[in-house]
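Have a look at the structure below, then the notes.
What follows is calculated from the coordinates using simple rules that are stated; it is not laboratory data. Owing to the predicted nature of the structure, the values given are computational and were not obtained by experimental measurement. Glycine gets a Cβ as well: all are built from the backbone with ideal geometry, and neighbour counts include every protein chain shown.
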Amino acid sequence: MRLEKCRKLLQHFQVRRVSDVIWTDEKIFTIEPLPNRQNQRQLLSKDDSMSPKRRLAHNRLFPKSVMVWAGITATGKTPLVFIERNVKINSEVYQKIVLMDNLLPWVTQHFAGGPFILQQDWAPSHGSRSTLAVLEAHFPGFLDKDLWPASSPDLNPMDFSVWGMLEGKIAGKVFATVDDLKAALEVAWASIDDGYLRRTVNSVKKRLRACVKARGSNFEILL
């Protein structure tokens, strides 16, 4: 299935430009670095082994977090859309907060009536009947399920490059509040330059060809 869809996408991009695709995704960011065994270890003396302060590891077990939605093209990037932890991204939330309130105004300004293609994953809220109606009305030409292969983060620039870059820009920082985290993400997002966007998006076709060569299996060793 993945192999077949990669072939279809390569054919699609012979007619349409990969640079016109808006590559989108969501990711959760936390106010503290992700925990690991090393930075949670501590040495306790016999006297203070029961001290709450000494038992408090550097990382909290469940740090506060925020869901971030974003997208890029070869020529620009969408606003970051923050969705609070207690908000479930159902069809209504996705349509209103992501598509209509943020993506559509950006598309209208950025493409100024020119062609564009929306890529998204096919989570239930993205593929519901009501969401499809919004997509068909405002984002025609989106990459539908017949074209976009499921479970393919290695083909989406947001997954194989952008999120990692964004994480790297705020790496090692512990934020007091979610608002502090958001502010740092905004600064990091603004610092991503057009040259990086262009190179990253232009690598998609090479990845598709490598995926075909690997018969739909892991292909990154071929890059």
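Assorted remarks:
- Cα-based equivalent ellipsoid, region 181-223: semi-axes from gyration tensor eigenvalues, Å: 31, 13, 6
- For Lys213, the aspartates and glutamates whose Cα falls under 14 Å of its own Cα, not counting residues fewer than eight places away in the same chain, are Glu4.
- Cross-link reach is defined here as a Cα-Cα straight distance under 12 Å, omitting same-chain residues fewer than 8 places apart; for Lys173 the aspartates and glutamates meeting it are Glu32.
- 5 angstrom amide H check on Asp121, placed H, neighbours 5+ away: none
- Spin-label proximity, Ser65 to region 75-97 - amide N less than 20 Å from point 7 Å beyond Cα toward beta carbon: 80-91, 93-94
- Most positive-pole-ward Cα, Ser152, Val212, Trp163, against dipole of the chain from beta carbon charges: Val212
- Folded to 0 to 90 degrees: helix 2-15 orientation relative to the chain principal axis, Cα: 60 degrees
- Unit Cα scatterers, Debye sum, region 75-183: log10 I(q)/I(0) for q = 0.17 Å⁻¹: -1.02
- Helix-only mean residue ellipticity at 222 nm for the chain, each DSSP H run of n ≥ 4 adding -39500 (n - 2.57), per residue, nearest 500: -10000 deg cm²/dmol
- Close amide H partners of Lys64, meaning residues 5 or more places away or on another chain with modelled amide H under 5 Å apart, are Ile31.
- Cα-based helix-to-principal-axis angle, 178-190 vs the chain, degrees rounded to 10: 40 degrees
- Between helix 204-213 and the chain: long-axis angle, C-alpha atoms, 0 to 90°, nearest 10: 80 degrees
- Label assignment, P(r) over Cα pairs in 10 Å bins from 0, in percent derived from the structure, set [x] 7, 28, 32, 20, 8, 4, 1, 0; [y] 7, 23, 20, 17, 13, 10, 7, 3, 0; [z] 8, 23, 24, 21, 14, 7, 3, 0: [x]
- Over region 128-223: Rg over Rh, Cα atoms, Kirkwood Rh: 1.06
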